[in-house]
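The values are calculated or read from the model by the stated rules, or taken from the named source; none is laboratory data. Bear in mind the structure is a predicted one, so any value in this text is a computation, not a measurement. Virtual Cβ from ideal backbone geometry, glycine too; neighbours counted across all protein chains shown. Heads up: the accessible areas ignore ligands, DNA and RNA and are worked out on the full protein's heavy atoms, side chains in. Shrake-Rupley method; radii C 1.70, N 1.55, O 1.52, S 1.80 Å.
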Amino acid sequence: MSHTAHIPSHRKPRRSASKLALRAGVAGGVLGTIAVAGAAGPANAEPVTETIEMPTLGSLDAAGGLASAVAASAEASQQEALDQSLRSQEDAALQKAAKEAKKAKAEADRKAAAERAEEARLKAEQERQEAAARASRDAARTQLSTQSSSNDGGSSSDSGSTASDSGSQTQAPTGSAAAIVAFAKAQIGDAYVSGGTGPNSWDCSGLVQAAYRAAGIDLPRISYEQSSMGTSVSLSDLQPGDILYWGSRSGSYHVAIYVGGGQYVGAQNPSSGVVQHSMDWDTPSGAVRIL
């Protein structure tokens, strides 16, 4: 064997300098405490025979674990506080959303109530205007009748003939007129709706248009356009299927269908719907014949 060959060492591995210093410090502290206690004790005191266990590195490791546990507990407390804050924010957001939804519903209810009130007002105004128009026409007819009676000694002209006179001269409808009259009468009892064109609700011109369509005849949609068509006829010479109008011929505001016997059928107003009335109930201004 070479004198320079490596001979393995049988010495124990050296402890690290930090561990040795720590043990030396702890041991020195303990021995110093024992020396002071011995010097302060009575002279005849018995020698200390108990063994004092010095702290080890294991106990120091346990202290480190305790510090880690404390840190983990602090972190958990912080996370809990954060979760609580988030829950509070979510609750506040939900309460705000519920309050806004309640406010929106109240506003929608208010608008709906206002719309219903406006519809009722318009309906009442329309009925008032129709009643005023009827009263005005009745007053005008009464005045004309009085003047005619005074000038003619009670004789009646063709223009002053009553609806009952026209009814006594009317024959039963046939052909297209019968189809128009039958359709109009079939709708009696239906509702009046402005702009209605059926099948269960109508306005005046919508009903007239549909009745003529049942006979294969197309009419305009608006009342004054319908009354402007065909040939103007006297109220004393009416035939079933003739169109009656109220107002001027080129500016009528209401139309209906003469069904014979001094009667007419029309979509009257929102409160009455589709009805059949005597000509004397609300005498029309004029009539036109399409057939």
#### Entry: Order of exposure, largest accessible area first, which applies to Lys103, Lys123 with probe 1.4 Å
Lys103, Lys123
### Query
Among 114-122, 179-187, how do they line up from the highest to the lowest mean number of other beta-carbon atoms within 10 Å?
179-187, 114-122
### Task
Would you kindly derive the ³J(HN,Hα) couplings of segment 106-120 from the backbone phi angles with the Karplus curve 6.51 cos²θ - 1.76 cosθ + 1.60 (θ = phi - 60°), listing them in order in whole Hz, with x for Gly and Pro?
4, 5, 5, 5, 5, 5, 4, 5, 5, 5, 5, 5, 5, 4, 5
### segment 207-291 - percent of accessible surface contributed by carbon and sulfur, probe 1.4 Å
47 percent
### Query
Among Tyr253, Tyr192, Tyr264, what's the order by accessible area (1.4 angstrom probe), most exposed first?
Tyr253, Tyr192, Tyr264
### Area accessible to solvent at Ser285, 1.4 Å probe radius, in Å²
60 Å²
### Query
Cα centroid distance between segment 70-103 and segment 274-291, in Å?
75 Å
### Message
Can you give me the distance in nm between label points at Ala113 and Arg213, each placed 7 Å from the Cα along the Cα-to-Cβ direction?
### Response
4.0 nm
### Extension gain, Tyr253 back to Lys105 (0.36 nm per residue minus Cα-Cα distance, nm)
49.3 nm
